[in-house]
Amino acid sequence: MLSQERFEANLRFFQSRFPALYPRLTQGSTLAKPIVENGVLVDADLGSGRLYKEDGHRLGQEQARMFLAAPARSGYRSVEGITGDSIVSRRFHQGMVEGLAALGVRQLNTAPYGQVGFAFVFGVGLGYHLPVLAEELEVDHLVVVEAVDEFLRLSLQAIDWVALHGTLSARGAKLHLVVSPDPATLSQGINAIVDNVGEMFLDGCYIYRHYPYWPLDQAYHRLLDDIPTRLVSRGYYEDERKMVRHAAANLHKFPHYLIRGNFRRRYDTPAFIVAAGPSVDEAIDYLRQWQNHGIIFCAGTTLQVLVKAGIIPDYHVELENVAATRELCMHIVEQRPDLFPNKRFDGVKMIASVTVNPMVPPLFDEHYFFFRDSVTSTHSFGEGVKLVDGVGPSISNTCVSLAARLGFETMYLFGVDCGWRDGRTHHSKDTIYYTLDGHKRERFEGAYSSPGNFGGTIQADTVLTWTRDMIEQKIERYRLKVFNCSDGAFIRGSTPKLAETLSFNGPGIDKPAVFKRIRDESEHFAAGAFLAGHDMARYPREVDLLRDDFVAFMAQCRRDNVDFRQFSARITDFHREGYLGPYRHIFPLYQGSLLGFSKAASYFLTRIDDEPAIRAGLELFFRLYEDLHLEMLDEGRTMFAEAQAMVEDGIEPWWADGLPRVPGTTY
């Protein structure tokens with residue numbers, strides 16, 4: 001006989017601790033029949049078969065013990081990738097490596113020692129594995145994921161959830177439950193927990209799979225894909241600095257129209273979104289045939305493809321902030337002197353993030369700027385302006401986002417392949433990846449696959465897979481009518497359409513009228529006018545405030561003799577408060593390094609098991625961390641003071657020309 005007392009105690013526990021789940025445990029229908037042997041719930045009859053097909057009590061405990069003997073974990077394998085294009089990140093990494101070597105630390109463990117942040121358990125079933133894991137795993141957060149309400153309900157008769165919670169609480173750990181039949185909802189629930197706790201604590205996490213089931217499998221794979229991205233720093237100091245400089249220069253130097261993130265009234269004119277995927281080469285003749293029947297949005301490097309075909313795009317869209325964009329543009333105009341005798345794109349309108357390199361706008365007739373999400377320049381100069389969010393990670397997605405906001409409901413996609421069929425044919429043959437030395441790529445490699453728009457399988461990397469996801473979300477969220485003429489990945493919500501089947505009635509649309517409408521609905525600013533209304537003095541002042549708080553923060557950490565895990569929790573809170581506090585307009589300039597260096601330090605400091613070396617390594621980290629950030633804070637203050645002088649006194653700083661000056665970097 002199963003214990004009714006335990007079942008009722010478990011129900012009360014869920015009512016108290018997980019009130020949103022409680023109604024689902026008491027009101028749902030019961031289809032699975034419990035199988036009891038000797039008073040123990042050992043399996044469940046699902047109608048079409050049994051859950052375990054053997055003694056689930058024994059199986060669950062044995063499975064957990066086997067996992068503990070050889071646990072599946074995720075985290076850093078190395079942190080050399082943090083260096084990238086960032087000189088200051090290279091200095092930090094080199095300082096840690098050389099400093100630890102000087103302390104005698106020459107080899108690190110493959111995984112962190114001791115307590116880690118998370119254990120993710122996919123599947124409850126009857127739950128017999130959970131008490132074993134809760135007892136043995138040294139974690140701060142046990143995240144249990146289930147897709148079937150009924151299994152969770154059965155577990156109330158099998159295990160003591162109250163005792164399980166008590167085991168965790170006794171050592172300060174916390175139990176989380178994410179329950180949904182929808183894999184996207186499961187992933188969102190997991191992400192919300194990680195966001196609340198802090199991404200830094202993912203390093204070394206345990207990942208346990210109890211039983212195979214499609215929603216759980218999807219959420220599991222999404223977590224595995226997300227962890228490497230979450231462990232790296234988002235943005236780095238020099239890139240954010242570059243974007244602040246570019247934004248200040250562009251807004252001050254060039255007359256422009258501002259595209260706000262609001263959605264404008266829709267009209268019937270279709271937008272042709274043209275990207276540089278390999279299939280655009282097969283569709284280019286049809287695009288040329290019907291070019292007067294839609295407004296052509298050209299995505300970045302696709303400009304070369306269109307110009308070679310004699311197609312002048314209506315709007316050229318740029319998201320990149322690098323000086324190489326100008327190099328690409330000059331490469332294109334020099335190929336078609338018949339179309340561009342003035343060595344600029346006469347007749348072409350440019351839509352770009354305010355962070356575009358300042359050498360690029362002079363090449364176009366008309367400039368439209370927008371503020372993108374998640375960059376310092378938007379926090380600094382875009383206050384009060386509705387930003388255009390979700391524009392990354394590639395320009396094809398940027399085009400969709402912008403076209404939707406400008407009032408285009410119907411879109412045709414060309415070359416928006418979001419992948420490739422053959423890694424050697426990864427872009428249009430008429431792009432810099434095949435035509436310009438220094439940019440040529442013989443082959444692309446991808447770890448992801450998806451169904452093709454016209455059948456078959458498409459390979460992709462992380463960026464293109466993410467791009468496809470973003471476009472799918474926009475189609476649904478913005479209620480777009482999208483016809484996908486690209487022979488690439490199938491994009492959910494779009495209608496596959498072969499380019500050769502395109503057909504439009506009439507002579508074409510009145511493009512000048514469309515241009516006028518977009519122009520009239522966009523606020524115009526003369527050169528210098530946008531920033532003239534800003535309190536430019538607040539930016540150096542805010543850097544001073546952040547510098548004072550940062551110095552005090554580091555001093556308090558030393559006084560309290562914190563260990564690295566305690567420091568990680570404190571810097572996570574400092575980071576969150578930075579976006580809300582008195583220096584919120586400049587704080588994102590430093591957020592990448594404040595968290596990024598801490599994440600990298602986790603790789604070094606949690607894989608040492610010698611206590612004296614750990615303390616010495618922590619002091620090494622503190623010294624590097626503080627010294628480098630004080631350098632960045634002082635330089636940032638100078639940059640904002642120079643921007644102030646440019647706006648208020650007309651003194652243009654050396655960086656306003658956009659020229660790269662540091663060899664081997666993009667700045």
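A few notes on this one:
- Residues being touching a strand residue (DSSP E or B) at 6+ places or on another chain (Cβ under 7 Å) and either modelled with pLDDT under 95 or of a type in the set (A, V, I, L, M, F, W, C) (or both) - total across segment 189-202: 5
- Residues being within 25 Å of the chain's Cα centre (by Cα) and surrounded by fewer than 18 Cβ atoms within 10 Å (Cβ to Cβ) - total across segment 447-456: 4
- Residue satisfying condition, being over 23 Å from GLU521 (Cβ atoms) and open to solvent by less than 10 Å² (accessible area, probe 1.4 Å), within set ILE296, ILE311: ILE311
- In the set (1) in a helix (DSSP H, G or I); (2) open to solvent by less than 60 Å² (accessible area, probe 1.4 Å); (3) basic (Lys, Arg), the condition left unmet by ARG326 is number (2).
- Every residue from segment 21-37 that is more than 14 Å from GLU146 (Cβ to Cβ) and part of a loop (DSSP other than H, G, I, E, B): SER29, THR30, LEU31
- Scanning segment 85-140 for residues that are assigned to a helix (DSSP H, G or I) and of a type in the set (A, V, I, L, M, F, W, C) yields ILE87, VAL88, PHE92, MET96, VAL97, LEU100, ALA101, ALA102, LEU130, VAL132, LEU133, ALA134.
- VAL178 being open to solvent by less than 40 Å² (accessible area, probe 1.4 Å), touching an Asp or Glu at 6+ places or on another chain (Cβ under 8 Å) and touching a residue at least 24 places away in the same chain (Cβ under 8 Å): yes
- Of the criteria (1) part of a loop (DSSP other than H, G, I, E, B); (2) buried (at least 22 other Cβ atoms within 10 Å of the Cβ); (3) touching a Gly at 6+ places or on another chain (Cβ under 6 Å), which one PHE151 fails: (1)
- Given (1) among the hydroxyl-bearing types (Ser, Thr, Tyr); (2) surrounded by 20 or more Cβ atoms within 10 Å (Cβ to Cβ); (3) touching an Asp or Glu at 6+ places or on another chain (Cβ under 9 Å); (4) over 30 Å from HIS585 (Cα atoms), index of the condition THR376 fails: (4)
- Listed by first and then second residue, the pairs linking a residue in segment 365-386 that is over 13 Å from ILE259 (Cβ atoms) and touching a residue at least 60 places away in the same chain (Cβ under 8 Å) to a residue that is aromatic (Phe, Trp, Tyr) and part of a strand (DSSP E or B), with Cβ atoms under 7 Å apart and 6 or more places separating them unless they lie on different chains, form an empty list.
- Residues that are part of a loop (DSSP other than H, G, I, E, B) and either touching a Ser or Thr at 6+ places or on another chain (Cβ under 6 Å) or open to solvent by less than 10 Å² (accessible area, probe 1.4 Å) (or both) were ranked within segment 586-614; the one that is nearest to GLN107 (Cα to Cα) is ARG607.
- Segment 396-409 - residue that is in contact with a helix residue (DSSP H, G or I) (Cβ under 8 Å, 6 or more places away or on another chain) and among the aliphatic types (A, V, I, L, M) and, of those, nearest to GLY300 (Cα to Cα): VAL400
- Looking across segment 460-484 at every residue that is touching a Pro at 6+ places or on another chain (Cβ under 8 Å) and open to solvent by less than 20 Å² (accessible area, probe 1.4 Å), the one that is modelled with the lowest pLDDT is identified as THR467.
The values are calculated or read from the model by the stated rules, or taken from the named source; none is laboratory data. It should be emphasised that the depicted structure is a prediction, and the values quoted were computed from it without experimental measurement. Here Cβ is always computed from backbone atoms with ideal geometry, including for glycine, and neighbour counts include all displayed protein chains. Calculation scope for accessible area: heavy atoms of the full protein, side chains included, ligands and nucleic acids excluded. Shrake-Rupley method; radii C 1.70, N 1.55, O 1.52, S 1.80 Å.
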